[in-house]
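Read through the structure below, which is laid out as structure tokens, and then see the notes.
The values are calculated or read from the model by the stated rules, or taken from the named source; none is laboratory data. What you are looking at is a predicted structure, and each value in this text was computed from that prediction instead of being measured. Note that we place each Cβ from the backbone using ideal geometry, even for glycine, and neighbour counts take in every protein chain shown.
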Amino acid sequence: MLQYLDFDYSEDAHGHGTFEAMASVPAHRVAAVRAEIARVLDWAFANFPDQCAPLEEGGVWDYQLDGQQEWSVPEALSYDEVTGKFSSQPGSPGEPRHALTLAISGSAQFCESFRLHFRV
């Protein structure tokens, strides 16, 4: 069972499917998300060896992995009822969040195996 990755599925006109998931976590959870992504990719490499390549070039499966750090800054807002205007005062930036995105695409056979194995 996957704890961080919740996959959405889509399919194109050629019968190729894509599973996409994103996890946004604080720094102390990044290693756990990466371990989960590694588990998914290790399964794909082990069960469909030497078949990872762009689908349009004859591959059976392929993936895209992206990461991003995001900071948020709280903002104290006030409203002046006389002028009808807002003013704001930025606060201190919070702890960064790490967004990791995995998209894994494949043939109908690959997608069925993926769905059965990961119960998505």
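Residue-wise test of (1) modelled with pLDDT of 95 or more; (2) in contact with a helix residue (DSSP H, G or I) (Cβ under 6 Å, 6 or more places away or on another chain); (3) at negative phi; (4) among the small types (G, A, S).
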| site | (1), (2), (3), (4) |
| --- | --- |
| E81 | yes, no, yes, no |
| F86 | yes, no, yes, no |
| P93 | no, no, yes, no |
| H98 | yes, yes, yes, no |
| I104 | yes, no, yes, no |
| Q109 | yes, no, yes, no |
| E112 | yes, no, yes, no |
| R115 | yes, no, yes, no |
| V120 | no, no, yes, no |
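For the residues D62, D66, D80, the requirement of being under 22 Å from A27 (Cβ atoms) and of a type in the set (D, E, K, R) singles out D66.
Figure legend. Inter-residue proximity from the stretch 106-120: first residues under 17 Å from P54 (Cβ atoms), second residues aliphatic (A, V, I, L, M) and surrounded by 12 or more Cβ atoms within 10 Å (Cβ to Cβ), beta-carbon distance below 7 Å, spacing 6+ or different chains. Indicated pairs: G106/V60; S107/V60; F110/V60.
Here E95 does not fit the description of being in a helix (DSSP H, G or I), within 31 Å of the chain's Cα centre (by Cα) and not hydrophobic (A, V, I, L, M, F, W, C). Taking the stretch 48-100 as the search range and keeping residues that are in contact (Cβ under 8 Å) with a residue 40 or more places away in the chain and acidic (D, E), which one is surrounded by the most Cβ atoms within 10 Å (Cβ to Cβ)? Result: D62. For the stretch 6-36, filtered to residues that are buried (at least 17 other Cβ atoms within 10 Å of the Cβ) and within 15 Å of S105 (Cβ to Cβ), the residue that is farthest from the chain's Cα centre (by Cα) is H16.
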